[in-house]
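Report on the following structure.
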Amino acid sequence: MTDTKRLRIAIQKSGRLSTDCQNLFKQLGIKLNLREQKLIAHSTNMPIDILRVRHNDIPGLVMDGVCDLGIVGENELVEMQAERQRLSLPSKVNKLAKLDFGYCRLALAWPQELGLIDKNWFQDKKIATTYPAILSEYLTRENISASLVNLSGSVEVAPRAGLADAICDLVSTGATLEANGLMQGETIMESYACLIQSPTLDCSNKSALIEKLLPRLKAVKQAKE
Ligand code: PRT
């Protein structure tokens, strides 16, 4: 049985943000038993439950009020907001804090053999991406008419596989682009992990707990600066 009085926080189960999330909870003094492969981890010293899910499920869980808080990459949040607006689903969240991990940039890239190119090259080209809404918004703003190829992974192999002329993907070190013979172009969006809150949260005990945690979060961030 889940206790609705406990604060529910959604985090990525396993992936790039999971270890940083777990470290953050430690720094905030939230004791957790995360050993088992369970969906829910209960805090042993605070009325907090951690839901461990796929990264792209986190925005929806918070927007629908299934979870009170979530930690998610801004790239995923913005993309999911656009997708849910299109489907007339709840898409609002309160952004409580930008965190100091999960940094990456969403950038255009193309085969190195083309050398330097300008934006006009993208006219009528095919661009593979996992972030069609963010990319479409950019292309409209830049008056570029290109077609999108939606891929949920391995975007970097699309030009070599003949699926697209170019890509728009997340980059951190640039090693993946380099290994796939791609040249990095304009950054469309920079992203960090962020802490989001459901706009439907209406429990005073939960709000009081969040109010207690936020100054701790600020102190943790300041200590690292
Ligand atoms: O596994 P799950 O279903 O939970 O989700 P996921 O597959 O989206 O997870 P994951 O762990 O890959 O990414 C989660 C979030 O981490 C992303 O949405 C970003 O907010 C953030 N993040 C930070 C990154 C990167 N850095 C990153 N480099 N996400 C993905 N990458 C990938 C990128 O797609 C490319 O394949 O890493 C490769 C590039 O890395 P470099 O270092 O070679 O440039």
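May I ask which of LYS38/LYS206; LYS98/LYS125; LYS13/LYS95 have a Cα-Cα span longer than 32 Å here?
Too far apart for the 32 Å limit: LYS98/LYS125.
How far is helix 132-141 tilted, in degrees, relative to the longest principal axis of the Cα atoms in the chain, given as a value from 0 to 90 rounded to the nearest 10?
60
When only C-alpha pairs under 8 Å and at least 6 residues apart count, what is the relative contact order of region 63-160, in percent?
For region 63-160, the relative contact order is 25 percent.
Report Rg/Rh for the chain, rounded to two decimals, where Rg is the Cα radius of gyration and Rh the Kirkwood radius.
Rg/Rh for the chain comes to 1.03.
Can you run phi through the Karplus equation (6.51, -1.76, 1.60; θ = phi - 60°) for region 72-79 and list ³J(HN,Hα) in whole Hz, with x for Gly and Pro?
Values, residue by residue: 8, x, 4, 4, 5, 4, 5, 5 Hz.
Report relative contact order for the chain in percent, whole number only (criteria: Cα-Cα under 8 Å, sequence separation at least 6).
Answer for the chain is 25 percent.
Taking amide hydrogens as modeled 1.01 Å from N in the peptide plane, which residues meet the under 5 Å criterion relative to ILE188, leaving out close sequence neighbours?
LEU106, ALA107, LEU108
Cβ under 13 Å from GLN112's Cβ, GLN112 left aside: what net charge do those residues give with Lys, Arg +1 and Asp, Glu -1?
With Lys, Arg at +1 and Asp, Glu at -1, the neighbours total -2.
Any idea what the dipole of region 104-191 comes to, in debye rounded to 20, about its Cα centre with Lys/Arg Cβ at +1 and Asp/Glu Cβ at -1?
140
Working from Cα positions, state the angle (0 to 90°, nearest 10) between the long axis of helix 204-224 and the longest principal axis of the chain.
That works out to roughly 60 degrees.
Give me the distance in nm between label points sitting 7 Å out from Cα along the Cα-to-Cβ direction at ARG54 and SER204, one decimal.
Placing both labels 7 Å beyond Cα along the Cβ direction yields 4.0 nm.
Sum -39500 (n - 2.57) across every DSSP H segment of at least 4 residues in the chain, then divide by the residue count to get the 222 nm mean residue ellipticity, nearest 500.
Calculated at 222 nm, the ellipticity per residue is -8500 deg cm²/dmol.
Just add up the charged neighbours of THR176: K/R +1, D/E -1, any other residue whose Cβ is under 9 Å from the Cβ of THR176.
-3
Multiply the residue separation of LEU39 and ARG16 by 0.36 nm, subtract the distance between their alpha-carbon atoms, and state the gained length in nm to one decimal.
Taking 0.36 nm per residue and subtracting the Cα distance, the gain is 6.5 nm.
Which peptide among 72-83, 20-31 comes first, and what is the full order, when sorted by highest mean count of other Cβ atoms within 10 Å?
Put in order of decreasing packing, that is 72-83, 20-31.
I need the Debye-formula profile for region 104-191: one equal scatterer per C-alpha, no solvent, reported as log10 I(q)/I(0) at q = 0.17, 0.25 1/Å, two decimals.
Log10 of I(q)/I(0), two decimals: -0.60, -1.46.
Calculate how steeply helix 18-27 sits against the longest principal axis of the alpha-carbon atoms of the chain, using the helix alpha-carbon long axis, and give the answer as 0 to 90 degrees to the nearest 10.
Around 40 degrees separate the two axes.
Let me have the relative contact order for region 104-191, percent, based on Cα pairs under 8 Å that are six or more residues apart.
Reported relative contact order: 49 percent.
Where a number appears in this text, it was derived from the coordinates with a stated rule and is not lab data. Predicted, not measured: the structure shown is a model, and the values here were computed from it. Cβ coordinates were reconstructed from backbone atoms using ideal geometry, including for glycine residues, and neighbour counts include every protein chain displayed.
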